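What follows is calculated from the coordinates using simple rules that are stated; it is not laboratory data. This structure is a prediction, so every number in the text was calculated from the model and none was measured. Glycine also receives a Cβ, built like all others from the backbone with ideal geometry; neighbour counts cover every protein chain displayed.
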Amino acid sequence: MYKFPEGFLWGTSTSGPQSEGIEAGDGKGMSNWDYWFSIAPEKFHNQVGPDRTSTFYHNYKEDIELLEQTGHTTFRPSIQWSRLIPEGVGEVNPKAVEFYRDVFKRINAKGIKLMVNLYHFDIPYALQAKGGWENKETAYAFRDYAEKCFELFGDLVDTWFTFNEPIVPVEAGYLADFHYPAKVDLKAAVQVAYHTQLASSLAVEACHRLNPEHRISVILNLTPAYPRSDHPEDIKAARIAELFQAKSFLDPSVKGYYPEELIDILKAHDLIPAHTEEELAIIRENTVDFLGVNYYQPLRVQAPTKTTEQPMNLDFYFEHYVMPGRKINPHRGWEIYETGVYDIAMMIKQDYDNIDWILTENGMGVEGEEKFKVDGAIQDDYRIEFIQDHLKELHRAIEDGANCHGYMLWTFIDCWSWLNAYKNRYGLVELDLESQKRTIKKSGHWFKELSQNNGF
Ligand code: BGP
């Protein structure tokens, strides 16, 4: 029996852009995703775009009933900046205020602990057109947007996140082509990361100033970096990978400053971003109150195999490799390594003063789930097993002193996924995209038992 501490939270995470949908006349502005889909549908493999979702914008009342039926004691949605402030700055969309207020009220009425995220990879296109996160003004626009959210919804929400996985848009949009603007520019990537951190710290400051009793954090994907061998070059590569991919946001968010080692690496190749002492003071003085951690897969790292004079991308410092013989989710191609949860927990305990945290995402995307249907409901035993295996490691970590207070699965209902649309399904609830019918999967019923028993 794996019993979790009293008050441990059970729920799921989702995001506005992946679940809300777009309705003519609802006043939503264009986001980077709406724009990119409109100009380059081939990037999305000509599948459906962010306008085709579970339409939470209309179906939220039914979905909130389903949250209860699947045993949620917590839920993490996100506000779409482009819905609330269509141009990114300036006028607020009254329909968005009405929508989010009603959603939050109804979730509260169910006794489900709300944790609301302000940014899930989605910037209003109007700001993207002015340079997006390369432009420092975006950080201050984000601060103003965050303040609006605290003012408009602070009577209904007391737990906030600034960004979901801020390193992902940096890597996917400025070192690869999975997010707009899909360019490769290491100097810009570092600047974007810095402006994002500044924005996060500014929002933390605003939250504490406006509602001192509220708690605010950031959600980081903290995949541990495992070296390929004991060879010093592989160990060094793993260390650098961890600095870039975890500590670049973890350290300033939790400790208030960047790791010296990272600064030295950036200095060596003239990659230090433009910054001011005042901004560094904002980062130093506004650290998070707790931590959100997403975990899907470990980072397997080896020393770089290509040599160039100047770094053009991160493969100058380290490379990824696939460890032969490991369990892989064949649909998503990600390694399944449950021990990663334990290792993250111990890293937080040892290096980050055992700050309290929540596992804010973990999940299994599966293609062709309808073949597992029996009597109309998907029998997703593989998902139950996946969750159990990760929970065993989380349980072991808590027994060893980890300060983790909740588990959130990705995700509640099958959702639109960035470049993969509906190929891989993650939900506790099945979505029929055409009819919009919702059907609880076996995992959804099991999740309710898990929550009621506070363990399994
Ligand atoms: C996380 C994101 C989510 C979600 C999930 C699954 O990194 O925060 O938004 O998409 O990954 O990934 P995918 O949808 O690409 O399979």
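Summary table below
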{"read-out": "Pairwise Cα inverse-distance average, inverted: Kirkwood Rh of region 319-456 (Å)", "value": "16.3 Å"}
{"read-out": "Among the listed pairs 255/327; 95/423; 247/349; 247/448; 327/392, those beyond 24 Å (Cα-Cα)", "value": "255/327; 95/423; 247/448"}
{"read-out": "Spin-label pair residue 40/residue 260, simplified geometry with 7 Å Cα→Cβ offset, distance in nm", "value": "4.1 nm"}
{"read-out": "Relative contact order %, the chain, counting alpha carbon pairs below 8 Å whose residues are six or more apart", "value": "19 percent"}
{"read-out": "Spatial separation of Cα centroids for region 129-152 and region 314-380, in angstrom", "value": "31 Å"}
{"read-out": "Simple label model, 7 Å out from Cα along Cβ direction - residue 236 to residue 375, nm", "value": "6.2 nm"}
{"read-out": "Residue 26/residue 156 FRET efficiency (R0 25 Å; Cβ-Cβ; nearest 0.05)", "value": "0.75"}
{"read-out": "Karplus (6.51, -1.76, 1.60) ³J(HN,Hα), θ = phi - 60°, over region 230-241, in Hz, Gly and Pro reported as x", "value": "7, 4, x, 5, 5, 5, 5, 4, 5, 4, 5, 4"}
{"read-out": "Amide proton proximity set for residue 440, modelled H, under 5 Å, gap of 5+", "value": "430"}
{"read-out": "FRET efficiency for residue 52 and residue 385, using Cβ-Cβ distance with R0 set to 30 Å, rounded to 0.05", "value": "0.50"}
{"read-out": "Span from the region 180-223 Cα centroid across to the region 1-78 one, whole angstrom", "value": "21 Å"}
{"read-out": "Per-residue ³J(HN,Hα) for region 389-400, Karplus 6.51 cos²θ - 1.76 cosθ + 1.60, θ = phi - 60°, Hz, x for Gly and Pro", "value": "4, 6, 5, 4, 5, 5, 4, 4, 5, 5, 4, 8"}
{"read-out": "Antiparallel DSSP beta bridges within the chain, percent to nearest 5", "value": "30 percent"}
{"read-out": "Computed helical MRE - 222 nm, the chain, DSSP H runs ≥ 4 contributing -39500 (n - 2.57), nearest 500", "value": "-11500 deg cm²/dmol"}
{"read-out": "Set of region 424-456 residues, backbone N closer than 15 Å to the point 7 Å along the Cα-Cβ line of residue 392", "value": "456"}
{"read-out": "Distance (nanometres) between label positions extended 7 Å along Cα→Cβ at residue 351 and residue 454", "value": "3.2 nm"}
{"read-out": "Under-5 Å amide H pairs with residue 221, H placed in peptide plane, nonlocal only", "value": "165, 167, 294"}
{"read-out": "Reach of residue 130 by Cα under 12 Å, taken over aspartates and glutamates that are not fewer than 8 positions away in the same chain", "value": "87"}
{"read-out": "Extension gain from residue 306 to residue 284, taking 0.36 nm per residue of separation minus the Cα-Cα distance", "value": "4.2 nm"}
{"read-out": "Rg/Rg_ref, the chain, where Rg_ref = 2.2 N^0.38 Å and atoms are Cα", "value": "0.93"}
{"read-out": "Table column - 3J(HN,Hα) (Hz), region 414-421, Karplus curve with 6.51, -1.76, 1.60, x for Gly and Pro", "value": "3, 10, 5, 10, 2, 9, 9, 6"}
